[in-house]
Amino acid sequence: MGLIQTTLAAIYPPRCLGCGSTVDSDFGLCGACWGQTEFIGGASCDACGVPVPGSAHDEDLHCDACLKTARPWAHGRAALTYTGMGRKLVLGLKHGDRQEVARPAAVWMQASLGDIVDRRTLIVPVPLHWTRLAKRRYNQSALIAMELSKLTGLDWCADLLQRTRRTPSLDGKSPSERSDALSGAIAVAPKRRHRIQSRPVLLVDDVMTTGATLAACATACGASGADHVCVSVLARAVKDH
């Protein structure tokens, strides 16, 4: 087995997820691409994961947006900012068939979770409408959720949530327009409702911008009996900085 792995490594050496250059291990980033990746390791908003002023040891920090409008979930975490290499990785996973990004994404997201999950937590991906799923062939959030389940040992359910209707693209829409577009568009699948009764849920998505999609998902989970809901995303959109 060792000889086979050595031979394969010689023929197909590990490549950087960002630029494709040779790296030491699979699913890694070279030094240059690592430098373009802004990991959220300092103080961040407890509700949405966006970086905020303060110390990483400070508790219950909130950004201005979350102080102004309460989120329908308990805690939110993000691994990267949606800038530079973080944006490139998200777009590659989402639109470029870069499914190999899901595994390192889950590793980075697991590191950001802290104590917001316990052994009873059910991991749930944000759903795609069936027409988009048919076109894309995979749900990038479900791929991340599956890898996160493997890493944490927590249960996950790929089809707990469903899109009851296709919504328009939310790109460029205001928070209120996004909320209106998603109103009533996401629900817990009746055949899966028993999976979240009195159980904590961790919603997983690739990127959070305004949080409207995650809010619709969290509201649906809460209405169907979830104990409490937290969210985890690979990347968090931030204001220009």
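The values are calculated or read from the model by the stated rules, or taken from the named source; none is laboratory data. Worth saying up front: this structure is predicted, and the values here are computed from it rather than measured. When we count neighbours, we look across all protein chains shown, and the Cβ atoms used for this are built from the backbone with ideal geometry, even at glycine.
Pull up region 144-185, narrow it to residues that are among the β-branched types (Val, Ile, Thr) and touching a strand residue (DSSP E or B) at 6+ places or on another chain (Cβ under 6 Å), then point me to the one that is nearest to His129 (Cα to Cα).
First, the residues of region 144-185 that are among the β-branched types (Val, Ile, Thr): 144, 152, 164, 167.
If we keep only those that are touching a strand residue (DSSP E or B) at 6+ places or on another chain (Cβ under 6 Å) too, we end up with 144, 164.
Numbers: Ile144: 17, Thr164: 7 Å.
Restricting to residues being among the β-branched types (Val, Ile, Thr) and touching a strand residue (DSSP E or B) at 6+ places or on another chain (Cβ under 6 Å), the top hit is Thr164.
Quick check: anything in region 51-59 in contact (Cβ under 8 Å) with a residue 12 or more places away in the chain, part of a loop (DSSP other than H, G, I, E, B) and in contact with a strand residue (DSSP E or B) (Cβ under 6 Å, 6 or more places away or on another chain)? Scanning region 51-59, I find no residue that is in contact (Cβ under 8 Å) with a residue 12 or more places away in the chain, part of a loop (DSSP other than H, G, I, E, B) and in contact with a strand residue (DSSP E or B) (Cβ under 6 Å, 6 or more places away or on another chain), so the answer is no.
Considering only residues that are part of a loop (DSSP other than H, G, I, E, B) and either among the hydroxyl-bearing types (Ser, Thr, Tyr) or surrounded by 19 or more Cβ atoms within 10 Å (Cβ to Cβ) (or both), which ones fall in region 64-80?
Initially, region 64-80 is screened for residues part of a loop (DSSP other than H, G, I, E, B), giving 69-74.
Selection gives Thr69, Arg71, Trp73.
A single entry from Asp97, Asp60, Asp46 fulfils the requirement of being out of contact with any Pro (no Cβ under 6 Å at 6 or more places or on another chain), charged (D, E, K, R), closer than 24 Å to His228 by Cβ and surrounded by fewer than 18 Cβ atoms within 10 Å (Cβ to Cβ): Asp60.
Checking the stated criteria, Leu93 turns out to be touching an Asp or Glu at 6+ places or on another chain (Cβ under 8 Å) and assigned to a helix (DSSP H, G or I).
Please count how many residues of region 172-189 are in contact with a helix residue (DSSP H, G or I) (Cβ under 6 Å, 6 or more places away or on another chain), under 17 Å from Arg71 (Cα atoms) and either among the acidic types (Asp, Glu) or at pLDDT 80 or above (or both). Full working, then the answer.
As a first pass, look at region 172-189 and keep what is in contact with a helix residue (DSSP H, G or I) (Cβ under 6 Å, 6 or more places away or on another chain): 178-179, 182, 186-188.
From what's left, under 17 Å from Arg71 (Cα atoms): 178-179, 182, 186.
From what's left, either among the acidic types (Asp, Glu) or at pLDDT 80 or above (or both): 182, 186.
Of the residues in region 172-189, 2 are in contact with a helix residue (DSSP H, G or I) (Cβ under 6 Å, 6 or more places away or on another chain), under 17 Å from Arg71 (Cα atoms) and either among the acidic types (Asp, Glu) or at pLDDT 80 or above (or both).
The residues in region 29-42 that are more than 14 Å from Val238 (Cα to Cα) and part of a loop (DSSP other than H, G, I, E, B) can be counted, and the count is 5. The set of residues in region 117-137 being modelled with pLDDT of 95 or more and within 15 Å of the chain's Cα centre (by Cα) consists of Val117, Leu122, Ile123, Val124, Pro125, Val126, Pro127. If you go through region 1-28 and keep only what is assigned to a loop (DSSP other than H, G, I, E, B), of a type in the set (A, V, I, L, M) and at pLDDT below 90, you end up with Met1, Val23. Residue-level check: of (1) in a helix (DSSP H, G or I); (2) within 24 Å of Val229 (Cβ to Cβ); (3) at pLDDT 95 or above, Lys88 misses just (2). Scan region 85-144 for residues that are at positive phi and charged (D, E, K, R) and the total you get is 2.
Which of the strands (runs of 3 or more DSSP E) contained wholly in region 125-238 include at least 1 residues that are of a type in the set (Lys, Arg) and in contact (Cβ under 8 Å) with a residue 24 or more places away in the chain?
Values: elements: 161-163, 186-188, 201-208, 229-236.
Ranges flagged: 161-163, 229-236.
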